[in-house]
Every structure is written in C-alpha cells, then in structure tokens.
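Enquirer: My structure is below; once you've seen it, I'll send some questions.
The values are calculated or read from the model by the stated rules, or taken from the named source; none is laboratory data. As the structure is a computational prediction, the values presented were derived from the model and not from experiment. Every residue, glycine among them, receives a Cβ derived from its backbone with ideal geometry; neighbour counts consider all protein chains shown. Side chains included, ligands, DNA and RNA excluded: accessible areas come from the protein's heavy atoms. Shrake-Rupley method; radii C 1.70, N 1.55, O 1.52, S 1.80 Å.
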Amino acid sequence: MPTDIGSILIQLFSGLSRAMMLFLVSSGLSLIFGVMNILNFAHATLWLLGGYLTYTLFQLFSNTFGDHALLIVPAIVIVTGIMFVLGWVLERVLIRRMYAREVPEQLLLTFALILIFGDLIKLIWGVQNRRIFLPIEPIAVFDSYVNPYFFVIIAAGFGVAGGLWWFLHRTRYGKIVRAAVYSRDMVSALGIRIPTIYAGVFALGIAIAAFSAGVFLPIMPIGLGLDMDLIIQCFAVVVIGGFGSILGTFVASIIVGIVYAFSIFIWPGGALAIIFLILVAVLIWRPWGLFGTEMRY
Amino acid sequence: MDELVVDNIHTFYGTSHILFGISLKVNRGECVCLLGRNGVGKTTTLKTIMGLAHAGQGAITYNEKNLIGLPPYEIARMGIGYVPDERLIFPDLTVRENLEIGEKAPLTRDVAPWTVDRVYQLFPSLKPLDGRPGGYLSGGEQQMLTCGRTLMGNPSLLLLDEPVEGLAPVVVQEVTQQIRHLKKMGLTILFAEQNIKFATEISDRAYVIEGGRVRYEGTMEALEQQSEIKEKYLMI
Ligand SMILES: Nc1ncnc2c1ncn2[C@@H]1O[C@H](COP(=O)(O)OP(=O)(O)OP(=O)(O)O)[C@@H](O)[C@H]1O
Ligand SMILES: [Mg+2]
C-alpha cells in the first residue's frame, strides 16, 4: 500500500480517469437498456473497434501532417462520428429485430456481434496491442510524477457527463428518451416516431463509447480481450448504479474506478473480486441499485 | 359522415381471443361511448384502434384511410389522440414537460393549436403544478394531465379510456364539464365507460359490449328504455 501523498494522489487520478472510461461506456449501455430493454453485450467490443479506428486515423494523420499531439482531437471526433453512423445502421438492420424476442435470443445476437467484430479487428489490426504515444512531459506532484493527460481524461469525462445530463434534461429529444424509459407505447401513441428514438439512443451510446476509447489511447494500450474485461466491469457499474439512471452510473463508475485503482495496489489479483463484493453488498442493501427505481410501466 | 369505422375486428393477446368481431362507427363531432363491465374488451377495442393491440382480422378506417398494421405513432399523426386508463404519466418529467412531450402540429390550419396555457385554462388545477414532477400528482390531476398531454397533439378524434374511473364525485363533475367543452369545440370522442349514469351525461350514442361482442347499439335515449339490456350487461 502506498503511503506517501504523491503515490496516493497518482492512484486517485488513475482511478478517477478509469472511472471516466467506465462511465462513458456504461452510460450508453444503461441508456440502451433503459429505453429499449436490450442488454448489448457487444458494447465494449464496439468501444474497442472505436479505439482501433482512432489509432489508425491518428497514424494516418501523423504520417501526413507530421507528429503533433493535437492531431488526436480530429481523429477522435471523426471516429466518434463514424461510430455514431455504424451504431445507427446496426440498430436499423439488426438490433430492432430483437425487441420482441426473448432475452436468450438477444444475448445470442449481441454475442455473435462480439465474435464478428472481434474477428474483424484481428483481421485488420492483428493480435498485438496498439497505443498512441503523445509527447507529454509528466508533471511533479509532491514526490511523484503525474501524466497531465489524466486531467484531460477527467475533464473529458465530466464534460460528456454534463453534456449528457443537459441533453436528457434540457432538450426535447432527451426528454422523449426519458419518457420512453417509462412507456414506449405511450410515447408512440403521442405521435413520436419511436424507431428514430431507438436508433438515435443506440447510436449515441456507441458514439460515446468510441469517444472514450479514443481519449484513452494515449495512456492505455488496447488489445483483443480488453473488451471482455471492460464489459464485465461495466455491467457491475450499471447494476450498482441502477439500470437506466445516468446519475447512478456516474456515482458507481467513480466508486468502481477508485476502488479498482487502489485494490490493484493492495491485492492485484483480487481487484475484480472486490468490485463484485461491492456489487453483492449493494444488491442486498438496494436490489434496484443505488439510484435505480422499481418505477417502470 | 363516418369519421371512424371499425368493421368486424378480432383481437388476440398471444393465443387468447379477446374481441369477437366488434363493429362500430363514429361520426364527426359525435360523442360515442363503449359501455360494459370489467374485462369485456373496452380497453382492447380502443387499443386496437390505436395500433397498441393487433387485430388478426377485420378492418379499421379513419377518414377512409386504413389503420390496420400501422404503428401507433402513424395513427396519432393522422389525428387520433389516445388517453389510456392507466394514465402513464412520465413520472420524472414535470407537468409542463409532460405536456410539451405531447406537442404535435395540427393537421389543419384553421384551428388554433393547443398550447400549455390553453390546457391550463381547460384544467385550472394543473396550472399551479406546472413545475412539479408528474409522479407526485393525485389521481384526478394525473387524469387531467394525461388528457391535456394528448390534446397537445391537436387530435380531431379523442379515444378516452374510463376518464373518471376512481375520481371523487366533485372531480367527476368537473371532468364532465371539460369533456362537454371539448365536444363543443368540435372534437369527436369515443370513450370507454362502465357507469351508464356518467355516460348518459355526455354521450350521444352507446355500444354495449360483453364478451368481446357488441350486444346493443343505439342512442342514449333508446338505451334508457332497454331495462333488460341494462340489467344483463351493465352496472346500474
Ligand atoms: N395484455 C393482455 N394479455 C392477455 N389478456 C389480456 C391482456 N389485457 C387484457 N386482457 C384480457 O382481455 C379481456 C378484455 O380486457 P380489457 O382490458 O379490454 O377489458 P375492459 O373492458 O377494458 O375492462 P375494464 O373495465 O376492467 O377496464 C380481459 O379478460 C382481460 O383479462
Ligand atoms: Mg379497460
């Protein structure tokens, strides 16, 4: 266990930035489940695909325009857009056929997507890990050094969280999404084109995930298998926070992210076990999650 | 002219057969009532018209346009508004936000569109609740909000499912006035009801339903004379 303030702070920053990634991926997962009742197991695999695309685009930009750290910004923005479109198409072509089906069939379909996109990634990028190196000098914090990029990630996380809150509470489209969580039939009976809402929510969820993958590339190498680790932790986050609650997802992400960062120090092999212990404790205490409610028509 | 024509519909929930050939017509500007006891198929009839339940057989037309097979949002966009009996208020949206969600442009330009303020004029008790979450309203307030939310879509035909179910007598009188007012404004109304007394106060004609079939149809005055029908199929 680190005892000096410097390394504790580093763990805190790394935990917070991990929390941001968990939040960005889980918020889409939770939103998609809340609105469409679909558990998208392939969510983290699409996150991974977004990361690889950002990697390739960044390499392309660097080769064309020369090395520049800021080139990661257009790469992330473009990939977020591409993944939004991909999410939209996936929903229109595949996912929407699953709404009336039973859960096992939904699982089969999303699991098939994991295999398909996983193989696609293997085919294009191979099996070795990829990462982006940004020329950033670490800054001194007490006796240790912190990569200032952590602050970029934390800011991006808070920014997207705030943006999502604003979207859900202040825009007409966002309010419709919240209404659809309670009753899609009633929303539809009010004349709102529910298929557009569904496609939009799915695409938004995928786009946010892809965004987070891009933002993380400079501090975390991505590789096959990472999607499985991530999806399991995201399920833990969503269950702890309460399905469908964005605030719950945010709080749970921070808990899980920070606990994970510190448990890696104390008991590296057991970090995931500790998270699941928390999950079990929360479920016993509040079966609907910290911020979840039973209220659902 | 017939605005809504339901012709011999059979509706199923999964494998259970609920409606056995219901036929009915609603003329423009009329207020028609579906009367019957619990579980006879009134809600199912309204849901089938709205596209929320599926007719395996039969035809439904609205202004001569087919409704069968259309999703609810297309049906709503043709000018039909549905006020469910389960109320289905969006609980974490405020009263105003609930109303705004229902907003939809009118199909014709010659009528003044509904606004939040006009809904508050019709239902004055909603006005002070403007910023309150829909989940914290009383039953009567929820009923008015559900109705106001549907009106915001500027429908010309209103499907009302037991609008006064579970309301206190004073509130029932208020709602009666409000429905009369809507009728005067030219809205066509088809509503489901168990209580013939309330139905008589606002409707022109009635269809008495039992076991998923229409057992009697006629004006309210004619139904008044049919003591056998009333005893057999209705609660008096
Ligand atoms: N989702 C459903 N699945 C299966 N059966 C249903 C479903 N909804 C209603 N039913 C059945 O269909 C029949 C007609 O129900 P419906 O709700 O249309 O009756 P109702 O006339 O509206 O009754 P109430 O006055 O109690 O509202 C009932 O026997 C009911 O049990
Ligand atoms: Mg009913």
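Enquirer: Being surrounded by 24 or more Cβ atoms within 10 Å (Cβ to Cβ), hydrophobic (A, V, I, L, M, F, W, C) and under 28 Å from A:R130 (Cα atoms) is the filter here, so list the residues in region A:26-41 that pass it.
Expert: Hit for region A:26-41 is A:L29, nothing else.
Enquirer: For B:Y120, which of the numbered conditions (1) modelled with pLDDT of 95 or more; (2) within 14 Å of another protein chain (Cβ to nearest Cβ); (3) crowded, with 19+ Cβ neighbours inside 10 Å fails to hold?
Expert: (2)
Enquirer: Any idea which residue in region B:17-44 is modelled with the highest pLDDT, counting only those that are part of a loop (DSSP other than H, G, I, E, B), out of contact with any helix residue (DSSP H, G or I) (no Cβ under 9 Å at 6 or more places or on another chain) and of a type outside the set (G, A, S)?
Expert: For region B:17-44, the residue satisfying everything is B:R28.
Enquirer: Here's a follow-up. Examine region B:28-36 for a residue that is more than 16 Å from ligand 2 (Cβ to nearest atom) and within 14 Å of another protein chain (Cβ to nearest Cβ), and state whether such a residue exists.
Expert: No, there is no match, as no residue in region B:28-36 is more than 16 Å from ligand 2 (Cβ to nearest atom) and within 14 Å of another protein chain (Cβ to nearest Cβ).
Enquirer: Next up: All but one of (1) more than 13 Å from ligand 2 (Cβ to nearest atom); (2) more than 14 Å from every other protein chain (Cβ to nearest Cβ); (3) not in a loop (DSSP other than H, G, I, E, B) hold for B:I68; state the number of the condition that does not hold.
Expert: Result: B:I68 fails condition (3) only.
Enquirer: Do we have any residue at all in region B:71-86 that's within 12 Å of ligand 2 (Cβ to nearest atom) and surrounded by fewer than 20 Cβ atoms within 10 Å (Cβ to Cβ)?
Expert: Yes, region B:71-86 contains a residue that is within 12 Å of ligand 2 (Cβ to nearest atom) and surrounded by fewer than 20 Cβ atoms within 10 Å (Cβ to Cβ).
Enquirer: Determine, yes or no, whether B:L159 is away from ligand 2 (no atom under 16 Å from the Cβ) and either open to solvent by less than 60 Å² (accessible area, probe 1.4 Å) or in contact with a helix residue (DSSP H, G or I) (Cβ under 7 Å, 6 or more places away or on another chain) (or both).
Expert: no
Enquirer: Related question: When you scan region B:112-185 for helices (runs of 4 or more DSSP H) that lie fully inside it, which ones turn up with 2 or more residues that are more than 16 Å from ligand 1 (Cβ to nearest atom) and within 24 Å of B:N63 (Cα to Cα)?
Expert: B:139-151, B:169-184
Enquirer: Limited to region B:11-28, what total is found for residues that are farther than 18 Å from B:V83 by Cα and more than 13 Å from ligand 1 (Cβ to nearest atom)?
Expert: Residues that pass the stated criteria total 6.
Enquirer: I've got another one for you. Cβ-Cβ distance below 6 Å, separation of 6 or more or different chains: which pairs start in region B:75-87 with a residue that is more than 7 Å from chain A (Cβ to nearest Cβ) and end on one that is aliphatic (A, V, I, L, M) and open to solvent by 10 Å² or more (accessible area, probe 1.4 Å)?
Expert: B:G79/B:L107
Enquirer: Consider B:L190 against the criteria (1) among the hydrophobic types (A, V, I, L, M, F, W, C); (2) within 16 Å of ligand 2 (Cβ to nearest atom); (3) open to solvent by 50 Å² or more (accessible area, probe 1.4 Å): it satisfies all of them except one. Which criterion is unmet?
Expert: Condition (3) is where B:L190 drops out.
Enquirer: Tally time: how many residues in region A:223-244 are surrounded by fewer than 23 Cβ atoms within 10 Å (Cβ to Cβ) and either of a type in the set (D, E, K, R) or in contact with a Lys or Arg (Cβ under 6 Å, 6 or more places away or on another chain) (or both)?
Expert: So the count comes out to 1.
Enquirer: Still on this structure, please answer the following. So if I check each of B:G148, B:G153, B:G140, B:G131, which one is farther than 19 Å from B:M235 by Cα and open to solvent by 40 Å² or more (accessible area, probe 1.4 Å)?
Expert: Working: B:G148 fails: open to solvent by 40 Å² or more (accessible area, probe 1.4 Å); B:G153 fails: open to solvent by 40 Å² or more (accessible area, probe 1.4 Å); B:G140 fails: open to solvent by 40 Å² or more (accessible area, probe 1.4 Å).
Result of the check over B:G148, B:G153, B:G140, B:G131: B:G131.
Enquirer: Taking the condition within 14 Å of another protein chain (Cβ to nearest Cβ), open to solvent by less than 50 Å² (accessible area, probe 1.4 Å) and part of a helix (DSSP H, G or I), does A:G292 pass? Don't jump to the end; show me each part of the working.
Expert: Working: within 14 Å of another protein chain (Cβ to nearest Cβ): yes; open to solvent by less than 50 Å² (accessible area, probe 1.4 Å): yes; part of a helix (DSSP H, G or I): no.
Spelling it out, it is not the case that A:G292 is within 14 Å of another protein chain (Cβ to nearest Cβ), open to solvent by less than 50 Å² (accessible area, probe 1.4 Å) and part of a helix (DSSP H, G or I).
Enquirer: Sticking with this one: Considering every residue within region A:148-160, establish whether at least one is closer than 29 Å to A:G34 by Cα and in contact with a His (Cβ under 8 Å, 6 or more places away or on another chain).
Expert: There is no residue in region A:148-160 that is closer than 29 Å to A:G34 by Cα and in contact with a His (Cβ under 8 Å, 6 or more places away or on another chain).
Enquirer: Here's a follow-up. Of all residues in region B:91-109, which are without any contact (Cβ under 8 Å) to a residue 40 or more places away in the chain and within 10 Å of chain A (Cβ to nearest Cβ)?
Expert: Listed by number, the list holds a single entry, B:E97.
Enquirer: Looking at B:V40, is it among the aliphatic types (A, V, I, L, M), more than 16 Å from ligand 1 (Cβ to nearest atom) and open to solvent by less than 50 Å² (accessible area, probe 1.4 Å)? Spell out the reasoning first.
Expert: On the way: among the aliphatic types (A, V, I, L, M): yes; more than 16 Å from ligand 1 (Cβ to nearest atom): no; open to solvent by less than 50 Å² (accessible area, probe 1.4 Å): yes.
Here the answer is no, as B:V40 does not meet what is asked.
Enquirer: So for region A:56-76 (the condition being outside any helix (DSSP H, G or I), without any contact (Cβ under 8 Å) to a residue 24 or more places away in the chain, among the charged types (D, E, K, R) and open to solvent by 10 Å² or more (accessible area, probe 1.4 Å)), does at least one residue qualify?
Expert: No, that holds for no residue.
Enquirer: Tell me whether region B:78-94 contains one or more residues that are out of contact with any strand residue (DSSP E or B) (no Cβ under 8 Å at 6 or more places or on another chain) and more than 16 Å from ligand 1 (Cβ to nearest atom).
Expert: yes
Enquirer: For the list (1) of a type in the set (A, V, I, L, M); (2) within 16 Å of the chain's Cα centre (by Cα); (3) outside any helix (DSSP H, G or I), I need the number of the one condition that B:A199 fails.
Expert: Going through (1) of a type in the set (A, V, I, L, M); (2) within 16 Å of the chain's Cα centre (by Cα); (3) outside any helix (DSSP H, G or I) one by one, B:A199 breaks only (3).
Enquirer: Still on this structure, I have one more. So B:V164 passes all but one of these: (1) aliphatic (A, V, I, L, M); (2) more than 15 Å from B:A76 (Cα to Cα); (3) more than 16 Å from ligand 2 (Cβ to nearest atom); (4) open to solvent by less than 60 Å² (accessible area, probe 1.4 Å). Which condition number does it fail?
Expert: (3)
Enquirer: Restricting attention to region B:45-59, and to residues there that are more than 14 Å from chain A (Cβ to nearest Cβ) and either under 14 Å from the mean Cα position of the chain (by Cα) or surrounded by fewer than 17 Cβ atoms within 10 Å (Cβ to Cβ) (or both), which single residue is farthest from ligand 1 (Cβ to nearest atom)?
Expert: Going through the qualifying residues, I end up with B:A59.
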